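*Asks:* Here you go, one structure.
Only the coordinates and a few stated rules stand behind these numbers; no lab work does. Everything quoted here is computed from the prediction, not taken from an experiment. Note that we place each Cβ from the backbone using ideal geometry, even for glycine, and neighbour counts take in every protein chain shown.
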Amino acid sequence: MNKKLYEGEMTLKFPNLSQGDILAISKALADTEYGFTGSELGVLLKQYGFSDENPTMTKYKRLYNSLMERCAGDKSCNSIYMFIQKCMDPARGLMDEEKYAKRRMETNKILMLKGIEIDDGGNFRAVQKAQGVSEVTRRTRELRQKLYGYGAHQYVLHCCKEELLVEDYFHAVQEAAKSLCDRVREMTELPGDGNELIQIAFSSKNPYIALNSLRTSSEQNQQNGLKEMILGIIHMVRNVTAHELRIRWDIDENAAVDVLQQVSFLHKYLDQCVIVKKYTE
């Protein structure tokens, strides 16, 4: 391939794509659960100069035909990589982060076999080339297995499983941090989010969640400590990752495991808490 991708000072070459690769990519981008809708595909194909001769066809077949026709005409797969990158623009994930993450994960499973992937900034980067599906599975499950070994809480495993499967530590940590607020909302039925939610839920004077009887100063300190630890995760992890999509917060596997274990620790303390019933007249 002639065209190259730039990652900082590194130069990456587009690897060739087989018909099977293109079919798998088409299925990932047009999946009925997390892929683009038919109308969205129509807009994308038109916007980036791809033919769309049969809009009523099954989505993935429609996309596959368009990509294959363009590839044959160009005698190159460069345009397909361009299309993938446009589809993975982080702005497309603002309306539905979960679908965006799943779509990128499934596409990366295919690209990893070529030694390349789309990062969370929507750019291509080189990765160790997987030799087959079994190796992709091994690599993407490695972090999850580590968490199992550490006895991670089910909330952490549940919230992070898809992100962890593609070694996407950035989004895995973000989802785990979000799970704390989700859990507190679930327990209290309070609205709101972040700092305001946690401050109200763990108020020392009128709490919705109590770690203990709150009768002594030591018990009140424990309650406050749990609140501050949850807020620490929110301020350190969630706010950074949520508001700095373009400025990547670099986090490697070891750091991700450290943070995820802290979130797991907090969920285990939430297991011990009681919900304080509120009565209204």
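*Asks:* Modelled label-to-label distance, residue 31 and residue 221, 7 Å Cα→beta-carbon offset: nm?
*Replies:* 4.9 nm
*Asks:* May I ask you to list the lysines whose Cα is less than 28 Å away from that of residue 227, ignoring any residue fewer than eight positions away on the same chain?
*Replies:* 146, 161, 178, 205, 268, 277, 278
*Asks:* Give me the net charge for the shell around residue 51: Cβ to Cβ below 14 angstrom, other residues only, Lys and Arg +1, Asp and Glu -1.
*Replies:* Numbers: positive: 46, 61, 62, 70; negative: 52, 53, 69, 74.
That works out to 0.
*Asks:* Let me ask another. State, to one decimal in nm, how far the label point of residue 148 lies from the label point of residue 213, with both points 7 Å from Cα in the Cβ direction.
*Replies:* 4.2 nm
*Asks:* Now for a separate question. For the range 195-227, run through the trypsin sites (Lys or Arg not before Pro) and keep only the ones in DSSP coil with at most 11 other Cβ atoms within 10 Å of their Cβ.
*Replies:* Working: sites: 205, 215, 227; in loops: 205, 215.
Counting only loop positions with at most 11 other Cβ atoms within 10 Å, the trypsin sites (Lys or Arg not before Pro) in the range 195-227 are 205, 215.
*Asks:* In nm, give the distance between the simple-model label positions of residue 47 and residue 236, each being 7 Å from the Cα along the Cα-to-Cβ direction.
*Replies:* Distance between label points: 3.8 nm.
*Asks:* Can you sort 39, 51 by how many other beta carbons sit within 10 Å, fewest first?
*Replies:* The fewest-first ordering by Cβ neighbours comes to 39, 51.
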